[in-house]
Amino acid sequence: MLKQHRELSMSIRRTIENNDEAGIRPSKTYQSFVAAAGGHRELNFIEKDVRNYITREVRNVSEQEDAKEFGKYLLRMKEKNPNFFFELQLEEDQSIKLAFWADARSRAACEYFGDVISFDTTYNTNRYNLVCGSFVGVNHHGQSTLLGCSLMKNEEIESFKWLFQCWLRCMGGNAPKGFLTDQCASMKRALEACMPTTVHRWCIWHIMKKIPSKLNGYKAHADVEQQMSHVVWNSHSKDSFDRNWNDFLVNFGLADNKWLSDLYEDRHIWVPIYLDHHFWAGMRSTQRSESMHSFFNKYITRNSSLIQFVKQYDNCLGSREQAERESDAADFHTVIPCATKSPIETQFQDAYTQAKFREVQAQFRGKANCITRLKNSALGYSVYEVGEQVSSSILDKFAVTYDSVAAEVKCQCLLFESRGILCRHALSVLSFEQVSQVSPRYILERWSKKINLFDAASAAHSSSSQYQGQVINYQFRVPAAGDNSLGV
Ligand SMILES: [Zn+2]
């Protein structure tokens, strides 16, 4: 075990490099050598040699060399699959300024699930302090799905503009309908400039998290948080939100608080009653992006090189894909039985993935707490009041309208509009009206168990497919001297 007798053979070095790329810790790699050799004594090196080899040989590359390897990796991915997309902008010194990439499958997924995007940034994913931003959507099983990834030197407006324009080029110019972010002024300005028709929403969770620091010194901030959360979530009309917000400010003596009055001015961008008539696929906070970040933080550390980062990101994609494959298979093999004899429930059972059908069933169960009262009716258009017993002492009331000519039902709670699931109140009215089949407009293709992305992604490889025509094909651009951008 003297230093001069210890050595790492060629094959041992290869294994260490491969394991390091796969995010396997040096101690685990060493243990695997011990197990394969039959004990510590059988090896002519120690764990410290493995660690030293990684820091000295594998990770000891300059930022520029790493950026070059990263660019080459993206190019190789593009050569393997022409639908892989990336754009790269380098600094004068050839380090990374901005990067965006999305694989063929993410682009195919965006055809179905690119309607609502949660975007969030995170640090500590690489050794150069580049900010990592991820685009996350919701698939037909309600799972988070990674749709694109970016690295940025800073979080200035121009960087976000570059990134959002890149996203549009990648996704054939289709801007999402809804875009969720945290409360960041540069993101807001960049979004307004790049995607003017997209509805932007701030994550409520981020806003609530700021209460203790923004109301610093205010003793009752836990009560403030509870009351504010109640006002925000339980105001069923803009008028009632205004009244409740005002009462809340008066109760806590916070009418002059600048932070709260600014939040009120910006209410259309974060308060549900101002946003829930738009579709959000069940997303109300960027927590999906955050849980995705913590998911890939398991594989990536603040010491990761760019090349390790991009490969690990690819591994994350693979593992998410596996989760989706498993859910697809479950939908193919098993059907959840209906809880009622309602032919409407059967319609959803036939169409939806298990996860979404379970949500529909929860609404069917919730119907039992609802009392429907017809308020008035004329020319096939009826107005109802549905009372819902939410606890032993609280009865919430919801206005529901039903148009029998257009077969259209609308509830004040906006569950269908925001989440794409018919609410218990609307279902109660449909029962009252003895409607046995809902109009196809209430059965969203987006939650359909027939979506098969594995077919879509392989179709994306075939030049004759319809899908190919929907994706703009970018040509390789060879960077001219002095041109620091590279892309496809
Ligand atoms: Zn409702």
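Please name all residue pairs, on different chains or six or more residues apart, with Cβ atoms under 8 Å, provided the first residue is in the stretch 173-192 and is in the same structural domain as residue 155 (by TED's automatic domain parsing) and the second residue is aromatic (Phe, Trp, Tyr) and open to solvent by 10 Å² or more (accessible area, probe 1.4 Å).
Final answer for the pair search is 177/279; 178/279; 180/202; 181/202; 182/202; 183/202.
Within the stretch 432-450, can you find the residues that are more than 16 Å from the ligand (Cβ to nearest atom) and over 31 Å from the mean Cα position of the chain (by Cα)? Don't jump to the end; show me each part of the working.
So in the stretch 432-450, the residues more than 16 Å from the ligand (Cβ to nearest atom) come out as 434, 436-437, 439-441, 443-450.
Those that are more than 16 Å from the ligand (Cβ to nearest atom) and over 31 Å from the mean Cα position of the chain (by Cα): 434, 436, 437.
Do we have residue 429 as open to solvent by less than 60 Å² (accessible area, probe 1.4 Å), away from the ligand (no atom under 14 Å from the Cβ) and modelled with pLDDT of 95 or more here? First the steps, then the outcome.
Details: open to solvent by less than 60 Å² (accessible area, probe 1.4 Å): yes; away from the ligand (no atom under 14 Å from the Cβ): no; modelled with pLDDT of 95 or more: yes.
No; evaluated as a whole, the condition is false for this residue.
Results for (1) more than 14 Å from the ligand (Cβ to nearest atom); (2) buried (at least 17 other Cβ atoms within 10 Å of the Cβ); (3) in contact (Cβ under 8 Å) with a residue 40 or more places away in the chain; (4) assigned to a loop (DSSP other than H, G, I, E, B), shown as yes or no for each residue.
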| site | (1), (2), (3), (4) |
| --- | --- |
| 348 | yes, yes, yes, no |
| 358 | yes, no, no, no |
| 373 | yes, no, no, no |
| 382 | yes, yes, yes, no |
| 397 | no, no, no, no |
| 406 | yes, no, no, yes |
| 413 | no, yes, yes, yes |
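Under the condition of being polar (S, T, N, Q) and in contact (Cβ under 8 Å) with a residue 12 or more places away in the chain, which residue from the stretch 242-285 is most open to solvent (accessible area, probe 1.4 Å)? Full working, then the answer.
Narrowing the stretch 242-285 to residues polar (S, T, N, Q): 244, 246, 251, 257, 261, 285.
Then keep just the ones that are in contact (Cβ under 8 Å) with a residue 12 or more places away in the chain; that gives 244, 251, 257, 285.
Working: 244: 52, 251: 113, 257: 33, 285: 21 Å².
Within the stretch 242-285, the match that is most open to solvent (accessible area, probe 1.4 Å) is 251.
Give all pairs with beta carbons closer than 9 Å in which a residue from the stretch 423-434 that is in contact (Cβ under 8 Å) with a residue 40 or more places away in the chain and in the same structural domain as residue 385 (by TED's automatic domain parsing) meets a residue that is near the ligand (Cβ under 7 Å from one of its atoms) and assigned to a helix (DSSP H, G or I); count only pairs at least 6 apart in sequence or on separate chains.
Taking only residues 6 or more apart or on different chains, the pairs are 423/415; 424/415; 425/415.
Conditions: (1) out of contact with any Phe, Trp or Tyr (no Cβ under 6 Å at 6 or more places or on another chain); (2) over 13 Å from residue 307 (Cβ atoms); (3) of a type in the set (D, E, K, R). Residue 47 meets all but one. Number of the miss?
Residue 47 satisfies every listed condition except (1).
If I ask for residues that are more than 21 Å from residue 433 (Cα to Cα) and either of a type in the set (Val, Ile, Thr) or away from the ligand (no atom under 15 Å from the Cβ) (or both), which ones from the stretch 384-395 would you list?
390, 391, 392, 393, 394
Taking the stretch 1-16 as the search range and keeping residues that are under 41 Å from the mean Cα position of the chain (by Cα) and exposed (fewer than 14 other Cβ atoms within 10 Å of the Cβ), which one is farthest from residue 302 (Cα to Cα)?
Going residue by residue through the stretch 1-16, those that are under 41 Å from the mean Cα position of the chain (by Cα) are 11-16.
Now drop any that are not exposed (fewer than 14 other Cβ atoms within 10 Å of the Cβ), which leaves 11, 14.
Numbers: 11: 28, 14: 23 Å.
Per the criteria, the residue is 11.
The values are calculated or read from the model by the stated rules, or taken from the named source; none is laboratory data. These figures come from a predicted structure and were not determined experimentally. We place every Cβ from the backbone using ideal geometry, glycine too, and count neighbours over all the protein chains shown. Surface accessibility is based on the protein's heavy atoms, side chains included, excluding ligands, DNA and RNA. Shrake-Rupley method; radii C 1.70, N 1.55, O 1.52, S 1.80 Å.
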